[in-house]
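Have a look at the structure below before the remarks.
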Amino acid sequence: MSPGANAAGGPSGIWIGNDGPTLVEYTNDSSGPIILVIWTKSVSATNKRSTASIIPAGFVEEYNNNTPVPAVTWSLANGESVTVSMANSVSAGWAALYNHQTGLTGGYGGGQIDNTWGEITTYIPNASNSSEATTDVSRLINNNGNTMTITVKGGENPGCVADMTRCSYTCPGGASPCTYGGLMLDCQASDQAYGAKLGPGDGGASGGCQGFNSNGVITVSFS
């Protein structure tokens, strides 16, 4: 895996710093060191990607194979954090390598990090529909991966949480990996007070935590 671009400014779509329209603060709450890895892809009002499809259909073929350089790779010791800015109209996914022990997947579409993933699509201006910024946890690559918790802290409707049991994708029957047909866990409006949304998607469920179209602040904990 190549080192990340780790850009320091906005043209890349994702950069290290706290001056973007969406801020994501990643914190290592595990007992050992991790390496955060983020891949990204731009989207448009006419070429939207449901968040659920990023891992099985996007990162397997488009991100890891055709775009081998991640947007970010960042080492975090226990208790350390890094803030990443994301522009509008960006889809991204992230995972962590834990304590120099996490491997990569083999078989079809092999090469992605064999762990829990987080996903995000930031606000897409001028989209006729589905422009709501969305984030979720995906267990489609490894159903038994390390724990990840994503919390929407800022924006229009803060409070939604995506973790291993809420607003997260799993494979039918708990098997993994699976490419299509992922199931979204507990992400209806009735499941959480703020921001949770469940909807139809290509090949399976879609949805996640929403409510951060402008001035969004999201925290991600790896444990």
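The values are calculated or read from the model by the stated rules, or taken from the named source; none is laboratory data. Since the model is a prediction, treat every value here as computed from it, not as a measurement. Positions of Cβ are generated from backbone atoms using ideal geometry, with glycine treated the same way; all protein chains shown enter the neighbour counts. Only protein heavy atoms, including side chains, enter the accessible area calculation; ligands, DNA and RNA are left aside. Shrake-Rupley method; radii C 1.70, N 1.55, O 1.52, S 1.80 Å.
Among the residues making up region 82-104, a single one is assigned to a loop (DSSP other than H, G, I, E, B), open to solvent by less than 30 Å² (accessible area, probe 1.4 Å) and at pLDDT below 90: Ser89.
Among the residues that make up region 180-189, is at least one of them under 23 Å from Ser85 (Cα atoms) and modelled with pLDDT of 75 or more?
no
Scanning region 132-187 for residues that are part of a loop (DSSP other than H, G, I, E, B), free of Cβ contacts under 8 Å to residues at least 40 places away in the same chain, crowded, with 24+ Cβ neighbours inside 10 Å and not basic (Lys, Arg) yields nothing. Between Gly110, Gly58, Gly79, the distinction of being of a type in the set (Gly, Ala, Ser), at pLDDT 65 or above and touching a strand residue (DSSP E or B) at 6+ places or on another chain (Cβ under 8 Å) belongs to Gly79 only.
Scan region 31-50 and give yes if some residue there is modelled with pLDDT under 60, in contact with an Asp or Glu (Cβ under 8 Å, 6 or more places away or on another chain), open to solvent by less than 20 Å² (accessible area, probe 1.4 Å) and among the hydroxyl-bearing types (Ser, Thr, Tyr), otherwise no. Within region 31-50, none of the residues are modelled with pLDDT under 60, in contact with an Asp or Glu (Cβ under 8 Å, 6 or more places away or on another chain), open to solvent by less than 20 Å² (accessible area, probe 1.4 Å) and among the hydroxyl-bearing types (Ser, Thr, Tyr).
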